[in-house]
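A.B. asks: Sharing a structure, written as structure tokens. Questions coming.
The values are calculated or read from the model by the stated rules, or taken from the named source; none is laboratory data. Bear in mind that the values here come from a model prediction, so they are computed numbers and not experimental data. No Cβ is skipped: glycine too gets one built from the backbone with ideal geometry, and neighbour counts run over all protein chains shown. When the accessible area is computed, the model is the full protein with side chains, heavy atoms only, and any ligands, DNA or RNA have been set aside. Shrake-Rupley method; radii C 1.70, N 1.55, O 1.52, S 1.80 Å.
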Amino acid sequence: MKYKVIQRENPLDRTEKLYYPAPVFGERVSEDELTEEISFASSVNQSDVRAVLTNLLELLPRHLMRGDSVNLEKFGIFRLSFESTGSTEEKNVSAQNITRPKILFRPSTKLKDKIARTSFVHQ
């Protein structure tokens, strides 16, 4: 993965500026490109790959909104969480305190191990 060097404030001392490595992101891989790659790497045709991805994207939010965790064992676990505002009294807490849902992802050990082998190159 490529990186560049940028200067920004030290989060521990805002008066100090430090240099940090920052990722340089490549191209965005489209669903079409991904389905083509998966099809080429397996015995499944592109339309079947697309159907599976479409169903996954339909079912994943349904399970998350029910409060389920979705475990794609070799990939990782998805779960839903949210940001919220606090209240001084318990009786004043309601769904109105929830400000934004967000999806959390915890990668599997297998995926983390593969990513740990990433090499970095200064751009």
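A.B. asks: Any chance the stretch 32-55 includes a residue that's in contact with a strand residue (DSSP E or B) (Cβ under 9 Å, 6 or more places away or on another chain) and without any contact (Cβ under 8 Å) to a residue 12 or more places away in the chain? It would help to see each step written out before you state the result.
C.D. replies: The first filter runs over the stretch 32-55 and keeps only residues in contact with a strand residue (DSSP E or B) (Cβ under 9 Å, 6 or more places away or on another chain), leaving none.
No, the stretch 32-55 has no match at all.
A.B. asks: Would you tally the residues in the stretch 35-49 being of a type outside the set (S, T, N, Q) and either outside any helix (DSSP H, G or I) or open to solvent by less than 80 Å² (accessible area, probe 1.4 Å) (or both)?
C.D. replies: Pass one, the stretch 35-49, residues of a type outside the set (S, T, N, Q): 36-38, 40-41, 44, 48-49.
Adding the requirement that they be either outside any helix (DSSP H, G or I) or open to solvent by less than 80 Å² (accessible area, probe 1.4 Å) (or both) leaves 38, 44, 48-49.
Summing the residues that are of a type outside the set (S, T, N, Q) and either outside any helix (DSSP H, G or I) or open to solvent by less than 80 Å² (accessible area, probe 1.4 Å) (or both) in the stretch 35-49 gives 4.
A.B. asks: Follow-up question, since we're still on this one. I'm checking my understanding of the structure. Among residues of the stretch 61-118 that are open to solvent by 80 Å² or more (accessible area, probe 1.4 Å) and among the hydroxyl-bearing types (Ser, Thr, Tyr), which one is farthest from the chain's Cα centre (by Cα)?
C.D. replies: Top of the filtered list is 88.
A.B. asks: Here's something else I'd like to know. Return the total of residues in the stretch 50-60 being within 18 Å of residue 103 (Cβ to Cβ), open to solvent by 80 Å² or more (accessible area, probe 1.4 Å) and aliphatic (A, V, I, L, M).
C.D. replies: 1
A.B. asks: Out of (1) β-branched (Val, Ile, Thr); (2) under 21 Å from residue 107 (Cβ atoms); (3) open to solvent by 90 Å² or more (accessible area, probe 1.4 Å), what's the single condition that is false for residue 15?
C.D. replies: In the conditions (1) β-branched (Val, Ile, Thr); (2) under 21 Å from residue 107 (Cβ atoms); (3) open to solvent by 90 Å² or more (accessible area, probe 1.4 Å), residue 15 misses (2) alone.
A.B. asks: When you go through 67, 26 one by one, which is the residue that is at positive phi, part of a loop (DSSP other than H, G, I, E, B) and free of Cβ contacts under 8 Å to residues at least 60 places away in the same chain? Walk me through how you get there before you give the answer.
C.D. replies: Working: 26 fails: at positive phi.
Just one listed residue meets the conditions, 67.
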